[in-house]
1. Give the carbon-plus-sulfur fraction of the accessible surface of the chain in %, rounded to a whole number; probe 1.4 Å, heavy atoms of protein chains only.
2. Expressed as a rounded percentage, what relative contact order does segment 326-451 have, with Cα pairs under 8 Å and six or more residues apart?
3. For segment 200-207, what does the Karplus curve 6.51 cos²θ - 1.76 cosθ + 1.60, with θ = phi - 60°, yield as ³J(HN,Hα) per residue in whole Hz, taken in order and with x for Gly and Pro?
4. Which value, in Å to one decimal place, does the Kirkwood hydrodynamic radius take for the chain when every pair of different Cα atoms is included?
5. Just to confirm the filter: which trypsin sites (Lys or Arg not before Pro) across segment 227-272 are DSSP coil and have at most 13 other Cβ within 10 angstrom of their Cβ?
6. Hey, what do the phi angles of segment 42-50 turn into as Karplus ³J(HN,Hα) couplings, whole Hz, using 6.51/-1.76/1.60 and θ = phi - 60°, x for Gly and Pro?
7. Pick out, from N276, L334, A43, the residue whose Cα sits farthest towards the positive end of the charge dipole of segment 42-518, with +1 on the Cβ of Lys and Arg and -1 on the Cβ of Asp and Glu.
8. Give me the accessible area per residue for segment 42-518, probe 1.4 Å, as a whole number in Å².
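The values are calculated or read from the model by the stated rules, or taken from the named source; none is laboratory data. Keep in mind that what you see is a predicted model, and the values were worked out from it rather than measured. Here the Cβ is made from the backbone with ideal geometry for all residues, glycine too, and neighbour counts use every protein chain on show. SASA here: full protein model, heavy atoms, side chains in, ligands and nucleic acids out. Shrake-Rupley method; radii C 1.70, N 1.55, O 1.52, S 1.80 Å.
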Amino acid sequence: MGEKNAPTRKHKLIEYANGPSLEEINGKIEVSKDIGFWKTLFAYSGPGALVAVGYMDPGNWSTSITGGQNFQYLLMSVILISSLIAMLLQYMAAQLGIVSQMDLAQAIRARTSRALGIVLWILTEFAIMATDIAEVIGAAIALFLLFHIPLIIAVFITVFDVLLLLLLTKIGFRKIEGLVVCLILVILFVFAYQVALSDPNWGAVIAGLVPNAETFSSSKTVAGMTPLTGSLGIIGATVMPHNLYLHSAISQTRKIDHHNADDVARTVKFASLDSNIQLTAAFFVNALLLIMGVAVFKTGAVKDPSFFGLFQALSDTSTLSNGVLIGVAKSGILSVLFAVALLASGQNSTITGTLTGQVIMEGFVHMRMPLWLRRLVTRLLSVIPVLICVMLTRGKSAIAEHEALNDLMNNSQVFLAFALPFSMLPLLMMTDSAAEMGHRFKNSWWVKGLGWLSVIGLTGLNLLGLPAQVEGFFGDNPTKGQLSIADNIAWVLIVAILALLLWTLVELYRGNKRYAAKLSAAK
């Protein structure tokens, strides 16, 4: 038939998708094989930055700064441990994507039923929306602090970051990676500058990197927080499930000859280096946030732990503990830099959250929609609870409004505790499998051992902290009856999580057996 009679394909808003992960950018970036180490590392750099963004989003800020204020440098070791676990998990996620040519969602769905795929998709969507709530709150507050835009209007303005996403989709993925790196450097510079001015006790900082019995203690309480709850808050805000899905997808953006094991190994090596370098930067950002909580402010001086209170504290000389800082604070530069970094953090997370949403939608339920529509739907859903929170606290004191928004941001993170085991355990099972990864690329014995230790430890800590997180929904001073209700809800949720986890593990085990048998039959 002639070209004139050839049918033209009509693009729909929602389409079936069961191809390569993030097909538009999959394997599109070529890397020369005859260049030196540093040029090769630069060519592979970028995906790690998009992943590292999730480890320094607005949800991390409050927990790290408040932990520093309340417990000095005690929780530095928790930030270090969380970062090391993150490096291990992200290494496995990148390796899975590069070797198997499937992202984590696709790999899980290929071995499980459609019903379980839908359940896990919904669960992960809630986790993404939980992080998006923190981004809405962070970006809206930054706009309010920088430009004095009323909070409700600022919340609506955050919806229009979809226009930024539309622009970014036109400039190419490599430029998006570069923009994200620049925003990370802005955040790192701001906090490094503020901490350098504060002249902290570096001996105490280094000593705090070593955990001790008090690190996870529940007996000492400061401002309603124990070291255990502070540690759980930092861990929960640091290791997030959607980053594993994202990394397993964007690690495939470089062109690879999958028939050449050495080329695959080179890609795994440089992807891991990129990830570890960027996550080291994220560790320093979180460490600087905690150090700022200790050294910048007088202990217990900031009564409002929200972003509003921190902004105000950076321009209030009575809350500062260093003479040089007091002089700089009078100019207002410290508080403005804080708000700029907050805005940069929110915009970074916007980019990565949208990509992750597309990955899990395509992987779990084989559906695709344009990135701008995906972003718009997620952001509108995330805006609703923030708007309700703002409207319910109108007419109350400023502190009450600030605390309500801070509580909403912290309480929304409860969904991360639900979703995390369902990304970590499948990732570990599949990267441990020779059938999936081949004998050359499956986890070594020490990666396997550390992986299971990390997965069991994080899952246990998340479940242990669930009752306290549910109690947080009842405010700062819950009654005895409310505490009883919260504990009952928490135990129901724990049983539901364990039951769903068992279902997932059984289906994955059987799916892996089928996959191994299929490979054996094909030989």
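1. On the way: 14830 of 22150 Å².
Within the chain, the accessible surface is 67 percent carbon and sulfur.
2. Values: 40 pairs, mean separation 12.1, N = 126.
Once divided by the residue count of segment 326-451, the mean separation gives 10 percent.
3. x, 7, 5, x, 5, 4, 5, 5
4. Working: mean 1/r = 0.0421 Å⁻¹.
Taking the inverse mean of 1/r over all distinct Cα pairs, the chain comes out at 23.8 Å.
5. Details: sites: R254, K255, R266, K269; in loops: K255.
Counting only loop positions with at most 13 other Cβ atoms within 10 Å, the trypsin sites (Lys or Arg not before Pro) in segment 227-272 are K255.
6. 4, 5, 8, 6, x, x, x, 5, 5
7. A43
8. Values: 17960 Å² over 477 residues.
The answer is 38 Å² per residue.
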